[in-house]
Amino acid sequence: MPLALDLIYILLLIASAPVLAYRSIRFGKYREGWGQKVLGKVPRRMGEGPCVWFHAVSVGEVLLLKPILAEVERRRPGWEVVLSTGTPTGLSVARSTYPEIMTFYAPLDFSWATRRALARIRPSVLALVELELWPNLVRAAKDAGARVAIVNGRLSARSHQGYKKLRGPLGPTLRRLDTIAAQNSSYADRFVDLGIPAEKVQVTGSVKFDGVETDRNNPRTQALRRALKLSPTDLVFVAGSTMEGEELAALNAYRAAKIDHPTLRLILVPRHMERFEKVADLLQQVGMPFSRRSGKVGAARLGSEAPVILVDTLGELSAVWGLADVAFVGGSLFPGRGGQNMIEPAAYGAAVMFGRHTENFRETVEQLLERNGASQVSDADDLRRKLMEDLDDPETATERGNAARAFVLAQHGASGRTLAELDRQVEAALAGK
């Protein structure tokens, strides 16, 4: 099986080589870390104590780990923690967010790379964040005597159907998992339906609720308010994690609403850093005065008090949400994207809006809507209408924000339950079970 997978991976790598080469030249991607990815030459861990290797595929999962790692540091100071990720942006954020721990690129799922990486890290537990089922990595971990856990486990209905079709070839990998800490009972039931024994699946809750800030007066948000020159009288509309087409929709909604609300400011935070320049070009083309958080100067940049602010920096969205009176969560207005995390603006009590394409957060969306803690918009015109309604009726918008914040606060505690499950796995690994 490992050799067959290696052959498949090699063929896939060869087939995608032209695309990888183009993106490397055009966007500067995929230029680093090949020794770690292909050969498994990750840093060598020198300690001899218990070790948990967390693998988080990208930025979202990296930041998701904050509350778990804080719990580990507070309650298990004797553990050593290492963190791998699969993307340059993810690694950059990991290094800046967790400078005290070892971070590196995860090996690609070649048998030789995973074996070498496991031999160099020697983890007690390999903890895969949300769902990263790489057969050779899981096999190598078990062969090395490590326990394998999925933390903050998530399995959407669509992914569940896909995995069911692959249940035969995936069976050995699924049987090697030692525990799954699932976000909710629906996800847990889907894991069990794939053939994972029920006793291995625990419902621990979503760590995303523990990691979010709920106080608008936190230092990072207040520092941003000063840096962006926001007045106490300004109304703030934040469109965050936006993707293609959503910036224009938010901009048009803003321009319509500003007629009756002249103190309204718009903060745009695109989801992907390679789109920063494209969004700046869009603002320039429509003649909208704007400033850039990075300080880069563009033809349309009119100074720090321009009505529109483009946040073209990484890792600041969680603090930006705390500035929002009204928040639109991107990746949701058009199909095929699945939505982005609406928990952070909800935690601040913003009047949250998102589109209908939120498959990645189905349960959270259902619970927010049931509690009247969010609004769902059908298209760009509906976004404009809902924004104007919220600004015209601030009392109702505030009630919706308060309901959202109360819902988030009620979900806290997943990090502690996740740590308890990891604790059992570390003890089992040390006991050689």
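Of the helices (runs of 4 or more DSSP H) lying entirely inside the range 342-406, those carrying at least 2 residues that are of a type in the set (Asp, Glu) and closer than 27 Å to Leu64 by Cα are 362-370. Taken over the range 305-336, the criterion of being among the polar types (S, T, N, Q) and closer than 17 Å to Phe237 by Cβ is satisfied by Ser332 alone. The listed residues are Leu63, Leu69, and the only one of them that is at pLDDT below 95 and not in a strand (DSSP E or B) turns out to be Leu63. A Cβ distance below 8 Å, combined with a sequence gap of six or more or placement on separate chains, defines the contacts here; from the range 153-171, residues that are outside the structural domain of Val57 (by TED's automatic domain parsing) reach no residue that is at pLDDT below 90. Applying the set (1) closer than 30 Å to Glu395 by Cβ; (2) among the β-branched types (Val, Ile, Thr); (3) loosely packed, with under 15 Cβ neighbours inside 10 Å to Val365 leaves exactly one unmet item: (3).
Within the range 73-114, can you find the residues that are part of a loop (DSSP other than H, G, I, E, B), of a type in the set (Ser, Thr, Tyr) and within 18 Å of Leu39 (Cα to Cα)? Thr87 - this is the single residue of the range 73-114 that is part of a loop (DSSP other than H, G, I, E, B), of a type in the set (Ser, Thr, Tyr) and within 18 Å of Leu39 (Cα to Cα). Scanning the range 317-349 for residues that are over 16 Å from Val269 (Cα atoms) and of a type in the set (Gly, Ala, Ser) yields Gly336, Gly338, Ala346, Ala347, Gly349. If the condition is being under 16 Å from Phe361 (Cα atoms) and either crowded, with 24+ Cβ neighbours inside 10 Å or among the aromatic types (Phe, Trp, Tyr) (or both), then the range 184-204 contributes only Tyr187.
Any residue at all in the range 286-303 that's in a loop (DSSP other than H, G, I, E, B), of a type in the set (Ser, Thr, Tyr) and more than 25 Å from the chain's Cα centre (by Cα)? Checking the range 286-303: not a single residue is in a loop (DSSP other than H, G, I, E, B), of a type in the set (Ser, Thr, Tyr) and more than 25 Å from the chain's Cα centre (by Cα). Out of all the residues in the range 179-189, which are modelled with pLDDT under 95 and either part of a strand (DSSP E or B) or touching a helix residue (DSSP H, G or I) at 6+ places or on another chain (Cβ under 7 Å) (or both)? Result: Asn184, Ser186.
Residues that are farther than 21 Å from Gly338 by Cα, surrounded by 16 or more Cβ atoms within 10 Å (Cβ to Cβ), at pLDDT 95 or above and among the aliphatic types (A, V, I, L, M) do not occur anywhere in the range 205-223. Once the range 376-433 is narrowed to residues that are among the β-branched types (Val, Ile, Thr) and under 23 Å from the mean Cα position of the chain (by Cα), the residue that is surrounded by the fewest Cβ atoms within 10 Å (Cβ to Cβ) is Val377.
The values are calculated or read from the model by the stated rules, or taken from the named source; none is laboratory data. Just so we're clear, the structure is a prediction, and the values are computed from it rather than from any experiment. Methodologically, a virtual Cβ is constructed for each residue, glycine included, from the backbone with ideal geometry; neighbour enumeration extends over all protein chains shown.
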